[in-house]
Amino acid sequence: MKTHAQAVVIGGGLVGCSILYHLAKLGWKDVILLERDELTSGSTWHAAAGIHGLHDNNNISKIQYYTMKLYEDLEKETGQGCGIFQPGSLYLAQTADREHQLRMQAAKAKYFNVDFHELSRKEAEDLHPLVNFDGIRCIMFEPDGGNVDPSGVTHAYAQGARKLGAEIHRFTPVTATTQRPDGTWDVETTKGTIHAEVVVNAAGLWGREVAAMAGFELPLMTMEHQYFVTETIPEVEELGRRLPSVADRDGEYYLRQEGLGLLVGAYEKDGRYWAENGTPMDFGHELLPDDLERIEENIMRACERLPVLAEAGIKRVINGPMIWSPDSSALFGPVPELRNYFCCNGIIPGFSQSGGLGLMLAQWIVEGEPELDMFPWDMARYDDWATKSYTKARALDCYANRFKIHFPYEERDAGRPVRTRPVYERQKEMGAVFGLNYGWEHPLWFARNGVAPVDEYGFERQSWFQPVADECAALREGVGVIDVSNFGKYSIKGPGAAGWLDRIVANKVPTEIGRSCLTPLLGIRGGIAGDFTITKLGEDDFMMVGSGMAERYHRRFFSMVEKPAGVEMISLTSAKAGFNVAGPKSRALLQRLTNEDLTNETFRFMRSRRMQVGGIDATAIRVSFTGDLGWEIYVEEADQLALYDALFEAGEDLGIRPVGGRSLLSLRIEKGYGSWGREYSPEYWPQEVGLDRLIKLDKPDFIGRDAYVELKDKPARYKLVMLDVDATNADASGGEPVFLTDGTPVGQVSSGAYGHSVQKSLALAFVKTEHTAPDTEFDVAILGLPHRARLLEKPPFDPAGERLRA
Ligand SMILES: Cc1cc2nc3c(=O)[nH]c(=O)nc-3n(C[C@H](O)[C@H](O)[C@H](O)COP(=O)(O)OP(=O)(O)OC[C@H]3O[C@@H](n4cnc5c(N)ncnc54)[C@H](O)[C@@H]3O)c2cc1C
């Protein structure tokens, strides 16, 4: 065994082998995979290995289509069979919501130029004569759907990697990983130590144990999962051809042909944890005791749909463990607190995603950043707030609701609350319905006037539509208080602080005390990795505010530039709370609580001041995300409740009202303001989202500068535009494809909402630049159906920006 390698991948399951293959493919040939046992010894060997392409999330769809295509290429490249069957998949809708979901997927398929189309019952019966289609209101067909051979695919990746020069060592468990001062790693095994520049944790069921070797924790929980395979079914045999798989998600089971019988699996409501406290090191090619009674209800529903199943004998039952993250998506990417350590763990649909995840991780390692925005899978979306009890509760919830429809704006209750602030109970008394933001409970909307404080979900407008309309009106006409405590907040102090920040962000850091600036943070490929407000509070004393959910993600960037001795950066996110007090009467309200002069002449837009509000020490920054006059007021967390009460007491006669996150969404969209994670993403270039004006190339050095210089003169591929949509009962919420009126796909929605103060259904969308002339008409697929939309040249609310500067 070699003693040095560019990268060591720990884990020879499907995913580790894909990462190894893609590293070698991108030119890193001096790479080694270490496997404890035989290849496939974790979840991989016993998987049902179903594959499909379309997903609710557009980037996952890209990853899944890439993976399906790759299996064919791998067979050709390596000669190793992957056991690919692609007889297609039938998707069935029993409810109106499921029909909306499938129609939306069909619309997205047109955008991706892939095949996912509706079938008549007759056509479906011809394809799968054994299915009883009674009660099915809509049938879609994905011709690419099918399954692969788990072992074949894993070995094909392994062969492909070996051919490119990579090494694989089986029966070589990793026992320790130790970082050297220069950031490289010693990977100890039972057969010796390898000195590696980069380590990848792809240890699947043992992801937690391998992470612990490097001193960090992954929020993962192992669960049992069962499927069974029947004996030969004569009716299947007689057909003499491969039947399509059946995705009857409302029935909560999956079903496909296996041999001349059928394979049926289910995610039961009464799921079981396995090896909660750690996967045993000696667990190998074993199965867990089966318990089909647990999935009996699901099986009964499958038998109603395919009556031949009820008569079939069971040949074998598989009960195997799989490992879940709190939201069932991968924990992916470099560990922000470590150098040169990458994770790819918690992968549930591994056979649909292995190729794309392997490629994205290899790009991250070799090129510094993946080409797609991976934030929804980025391990940095969790931090130590994702405790074991939270992870456990969420894993069970994800497992039991695997096939449930995920509606726009859906919030799940399991495992909550994990992080609350002092005003939590007060906000509850005021009718707050909370959402989860990076662990924090934060108000989404406030129920009043007999409306139940309960979130209902659906693709159409829900019970919160009117309360949100009222909140928006209260803010636009008087004053509203938005809890912004969940924003990411940082203090940067010490001699050299400004210079250090200037080498991180793309705009110039303010030089005058009391000034604020908006600035993008560029990614390694020159896209938008963040947007911040930086305020100079004093000499060598700055406060920075950015996306709260991206706090750990941004840590990676802050550690890319060495901090001068004496500069200290600390997160204030937990220690400080904040409210955005906004609306035309916000000045009158705050003036009642402070002796400072808040007139426009003395406290201008984008200025800040340390001052007392209601007798509480605060930092006030005059910024606006609502498009209205307003201040963000930050105080010690312990003073949060006193400030909240003081604001409401003083503002009663001004019509003050608590305003939640859903209203903020509507208010910012009326102004055309982008938000990180939606409009601002490393995938988009600054000139595509209108942030190029904030990039100062006369600064010699900042993160992403060189990449931006390379792309700045290229024409924007897409433009971020605002659309006025003819919608009556459902608004765009993000991800909807945008078509020209002749059906040509030209873009997709990034955010959408009803603009209550302008009485328009609005969407922010990325549209191919050549189709962004004023007044161009489009069709936006809402509920999967075309809704006519017009491009607005200016934001419909206060286009001149007079209100926020008033
Ligand atoms: C019953 C069942 C059915 C499933 N059906 C499907 C399906 O239909 N479609 C689908 O896409 N997915 C399915 N899955 C999920 C799929 O199996 C996983 O997504 C996939 O196998 C994950 O692969 P992995 O490489 O991440 O992990 P694993 O397969 O767990 O591999 C991890 C590897 O790391 C090795 N390892 C661990 N620790 C060390 C160490 N210290 N040193 C060296 N090596 C180490 C292990 O031995 C193992 O080989 C199913 C899973 C189960 C349980």
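Which of the residues that make up segment 311-353 are touching an Asp or Glu at 6+ places or on another chain (Cβ under 7 Å) and over 27 Å from GLY146 (Cβ atoms)?
GLY333, ASN340
Could we say that ASP126 is assigned to a helix (DSSP H, G or I), open to solvent by 40 Å² or more (accessible area, probe 1.4 Å) and touching a residue at least 40 places away in the same chain (Cβ under 8 Å) here?
no
ARG256 - would you say it is assigned to a helix (DSSP H, G or I) and not aliphatic (A, V, I, L, M)?
no
Quick one: how many residues across segment 310-335 are more than 13 Å from the ligand (Cβ to nearest atom) and open to solvent by less than 10 Å² (accessible area, probe 1.4 Å)?
Here the count works out to 3.
For segment 46-89, enumerate the residues that are on the phi > 0 side of the Ramachandran plot and either within 12 Å of the ligand (Cβ to nearest atom) or among the aromatic types (Phe, Trp, Tyr) (or both).
ALA49
Looking only at segment 472-515, count how many residues are closer than 29 Å to THR420 by Cα and of a type in the set (S, T, N, Q).
Going through segment 472-515 one residue at a time, the tally reaches 3.
Among the residues in segment 286-295, are any touching a residue at least 24 places away in the same chain (Cβ under 8 Å), open to solvent by 20 Å² or more (accessible area, probe 1.4 Å) and in contact with a helix residue (DSSP H, G or I) (Cβ under 6 Å, 6 or more places away or on another chain)?
For segment 286-295, residues touching a residue at least 24 places away in the same chain (Cβ under 8 Å), open to solvent by 20 Å² or more (accessible area, probe 1.4 Å) and in contact with a helix residue (DSSP H, G or I) (Cβ under 6 Å, 6 or more places away or on another chain): absent.
Would you check which residues across segment 608-634 are part of a strand (DSSP E or B), of a type outside the set (Gly, Ala, Ser) and touching a residue at least 60 places away in the same chain (Cβ under 8 Å) and list them?
Those that are part of a strand (DSSP E or B), of a type outside the set (Gly, Ala, Ser) and touching a residue at least 60 places away in the same chain (Cβ under 8 Å): ARG609, ARG610, THR619, ILE621, GLU632, TYR634.
Within the group GLU670, GLU637, which residue is farther than 15 Å from PHE766 by Cβ, surrounded by fewer than 23 Cβ atoms within 10 Å (Cβ to Cβ) and touching a residue at least 40 places away in the same chain (Cβ under 8 Å)?
None of the other options fit; the residue is GLU637.
Can you tell me which residue is nearest to the ligand (Cβ to nearest atom) among those in segment 161-177 that are assigned to a strand (DSSP E or B) and either open to solvent by less than 40 Å² (accessible area, probe 1.4 Å) or closer than 14 Å to ALA5 by Cα (or both)?
The extreme case among them is VAL174.
Scan segment 1-40 for residues that are of a type in the set (Asp, Glu) and touching a His at 6+ places or on another chain (Cβ under 6 Å) and report the count.
Result for segment 1-40: 0.
Scanning segment 738-759 for residues that are outside any strand (DSSP E or B) and among the β-branched types (Val, Ile, Thr), which turns out nearest to LYS719 (Cα to Cα)?
Among those residues, the one meeting the criterion is THR744.
Go through (1) over 30 Å from the mean Cα position of the chain (by Cα); (2) within 9 Å of the ligand (Cβ to nearest atom) for PRO150 and report which single condition fails.
It fails just one condition, (1).
Across segment 275-285, what is the total count of residues that are open to solvent by less than 40 Å² (accessible area, probe 1.4 Å) and either β-branched (Val, Ile, Thr) or within 11 Å of the ligand (Cβ to nearest atom) (or both)?
Selection size over segment 275-285: 3.
Of the residues PHE141, PHE133, only one is aromatic (Phe, Trp, Tyr), open to solvent by less than 10 Å² (accessible area, probe 1.4 Å) and away from the ligand (no atom under 16 Å from the Cβ); which?
PHE133
Are there any pairs, at least 6 apart or on different chains, whose C-beta atoms fall under 6 Å, with the first in segment 485-497 and open to solvent by less than 10 Å² (accessible area, probe 1.4 Å) and the second part of a strand (DSSP E or B) and basic (Lys, Arg), and if so, which?
These pairs meet every condition: LYS489/LYS576.
Considering segment 37-71 alone, what residues qualify as being among the aromatic types (Phe, Trp, Tyr) and either part of a loop (DSSP other than H, G, I, E, B) or surrounded by fewer than 22 Cβ atoms within 10 Å (Cβ to Cβ) (or both)?
Within segment 37-71, TRP45, TYR65, TYR66 meet the criteria.
Which condition breaks for GLY415 when tested against (1) under 27 Å from the mean Cα position of the chain (by Cα); (2) open to solvent by 40 Å² or more (accessible area, probe 1.4 Å)?
(2)
Within the group VAL264, VAL246, VAL229, which residue is surrounded by fewer than 22 Cβ atoms within 10 Å (Cβ to Cβ) and either touching a Phe, Trp or Tyr at 6+ places or on another chain (Cβ under 6 Å) or not in a loop (DSSP other than H, G, I, E, B) (or both)?
When all the criteria are applied, what remains is VAL229.
Among the residues of segment 712-721, are any out of contact with any Ser or Thr (no Cβ under 8 Å at 6 or more places or on another chain) and open to solvent by less than 20 Å² (accessible area, probe 1.4 Å)?
Taking every residue of segment 712-721 in turn, none turns out to be out of contact with any Ser or Thr (no Cβ under 8 Å at 6 or more places or on another chain) and open to solvent by less than 20 Å² (accessible area, probe 1.4 Å).
List every residue pair whose Cβ atoms lie under 8 Å apart, where the two residues are 6 or more positions apart in sequence or sit on different chains, the first residue falls within segment 212-233 and is farther than 21 Å from ALA312 by Cβ and within 11 Å of the ligand (Cβ to nearest atom), and the second residue, located anywhere, is of a type in the set (Asp, Glu) and assigned to a loop (DSSP other than H, G, I, E, B).
THR222/GLU276
Might you check whether a residue that is open to solvent by less than 30 Å² (accessible area, probe 1.4 Å), at pLDDT 95 or above, hydroxyl-bearing (Ser, Thr, Tyr) and assigned to a strand (DSSP E or B) occurs anywhere in segment 723-737?
no
I'd like to verify a number: residues in segment 234-255 that are out of contact with any Lys or Arg (no Cβ under 7 Å at 6 or more places or on another chain), over 10 Å from LEU306 (Cβ atoms) and within 12 Å of the ligand (Cβ to nearest atom), how many?
Matching residues across segment 234-255 total 2.
Would you say HIS787 is modelled with pLDDT of 95 or more and farther than 21 Å from PHE459 by Cα?
no
I'm trying to understand the selection: among the residues of segment 343-360, which are open to solvent by 20 Å² or more (accessible area, probe 1.4 Å) and away from the ligand (no atom under 11 Å from the Cβ)?
The answer is LEU359, and nothing else.
Would you confirm whether any residue within segment 395-406 is closer than 30 Å to GLY752 by Cβ and β-branched (Val, Ile, Thr)?
yes
Evaluate the following for ASP182: is it open to solvent by less than 40 Å² (accessible area, probe 1.4 Å), more than 9 Å from the ligand (Cβ to nearest atom) and free of Cβ contacts under 8 Å to residues at least 12 places away in the same chain?
no
Cβ contacts < 6 Å: first residue in a loop (DSSP other than H, G, I, E, B), restricted to segment 704-720; second residue at pLDDT 95 or above, any location; separation 6+ or different chain. Result?
If the second residue must be at pLDDT 95 or above, the pairs left are GLY704/LEU522; GLY704/GLY523; GLY704/GLY526; ALA716/GLN687; ALA716/GLU688; ALA716/THR769.
Looking at segment 150-176, which of its residues are farther than 17 Å from VAL15 by Cα, free of Cβ contacts under 8 Å to residues at least 40 places away in the same chain and not hydrophobic (A, V, I, L, M, F, W, C)?
Once the filter is applied, which keeps residues that are farther than 17 Å from VAL15 by Cα, free of Cβ contacts under 8 Å to residues at least 40 places away in the same chain and not hydrophobic (A, V, I, L, M, F, W, C), segment 150-176 yields only THR175.
The values are calculated or read from the model by the stated rules, or taken from the named source; none is laboratory data. All figures in this text were calculated on a predicted structure; none of them were measured in a lab. Here the Cβ is made from the backbone with ideal geometry for all residues, glycine too, and neighbour counts use every protein chain on show. For the accessible areas, the whole protein counts, side chains as well, though only heavy atoms, and no ligand, DNA or RNA atoms are used. Shrake-Rupley method; radii C 1.70, N 1.55, O 1.52, S 1.80 Å.
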